[in-house]
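See structure below.
The values are calculated or read from the model by the stated rules, or taken from the named source; none is laboratory data. Nothing here was measured: the structure is a model prediction, and the numbers come from that model. Cβ coordinates were reconstructed from backbone atoms using ideal geometry, including for glycine residues, and neighbour counts include every protein chain displayed.
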Amino acid sequence: MRSWDADYINLVGPGYPAVDPEGSGSMQFGGWNVDLDRRVEDIKSGKKLQFTFEGFDEGEPGSGRGWARIYSAAILFRQHEPPLGQFAEDLNIVPEIVSEIEEESRGTRGSLEISFQETHGRKLNLHIQRAHFKRRETCVHDLQSLLEDVESLEYLEQVRIDGR
């Protein structure tokens with residue numbers, strides 16, 4: 001997508017990808033309106049989201065595939081974890097679907113999509129990826145900023161990032 005500008009991506013409406021937990025979804029960009037199938041794959045340096053799509057570009061059938069890098073963060077709190085809603089609010093993470101962040105939900109911060117995974121006592125796992133159609137440079141800057149903010153939390157003991 002880096003080769004296309006925002007005018008093309010939003011040609012017939014706001015460009016977006018949408019996936020559900022079962023692995024299917026949809027995507028709109030340019031003249032394309034497609035159905036998606038996705039899977040997460042372990043790679044040497046972390047995880048990668050791979051997807052295939054099939055649909056129509058201005059009425060013409062077409063298909064393709066793509067991928068996105070996923071960063072994982074293991075966060076260890078000093079004592080029992082704070083409520084996830086408070087943690088998200090402290091980091092300016094906006095809930096994506098529900099009114100407040102909870103386990104197995106997602107949120108956004110700048111060009112990042114953040115999935116709140118399982119919690120285990122003092123440990124929280126996050127999956128972080130670039131939000132749809134954002135530039136890589138913006139994502140890297142936003143990821144660095146997020147990590148700085150996470151590390152500045154007084155109730156944090158340790159953070160480990162995989163896939164850097």
Self-check item: Flag for Q158 being surrounded by fewer than 16 Cβ atoms within 10 Å (Cβ to Cβ), at pLDDT 75 or above and part of a helix (DSSP H, G or I)
Solution: no
Quiz item: Within region 1-48, can you find the residues that are at pLDDT below 70, among the charged types (D, E, K, R) and surrounded by 12 or more Cβ atoms within 10 Å (Cβ to Cβ)?
Solution: K47, K48
Self-check item: Every pair of residues 6+ apart whose Cβ atoms lie under 7 Å, when the first sits in region 104-115 and is free of Cβ contacts under 8 Å to residues at least 12 places away in the same chain and in a strand (DSSP E or B) while the second is surrounded by fewer than 18 Cβ atoms within 10 Å (Cβ to Cβ) and charged (D, E, K, R)
Solution: R106/E96
Quiz item: Right, F51: modelled with pLDDT of 75 or more, in contact with an Asp or Glu (Cβ under 7 Å, 6 or more places away or on another chain) and either farther than 28 Å from G30 by Cα or not aromatic (F, W, Y) (or both) or not?
Solution: no
Quiz item: What number of residues within region 54-103 satisfy the criterion of being among the acidic types (D, E), surrounded by fewer than 13 Cβ atoms within 10 Å (Cβ to Cβ) and modelled with pLDDT under 75?
Solution: 1
Exercise. Consider only pairs whose beta carbons are under 6 Å apart and that are at least six residues apart or on different chains; among these, list those whose first residue lies in region 78-100 and is of a type in the set (K, R) and whose second residue is assigned to a loop (DSSP other than H, G, I, E, B) and at pLDDT 85 or above.
Key: R78/Y155
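If you take the residues in region 110-155 that are basic (K, R) and within 22 Å of F77 (Cα to Cα), which one is modelled with the highest pLDDT? Outline the logic, then answer.
So in region 110-155, the residues basic (K, R) come out as 122-123, 130, 134-136.
Checking which are within 22 Å of F77 (Cα to Cα) leaves us with 122-123.
Values: R122: 79, K123: 82.
The extreme case among them is K123.
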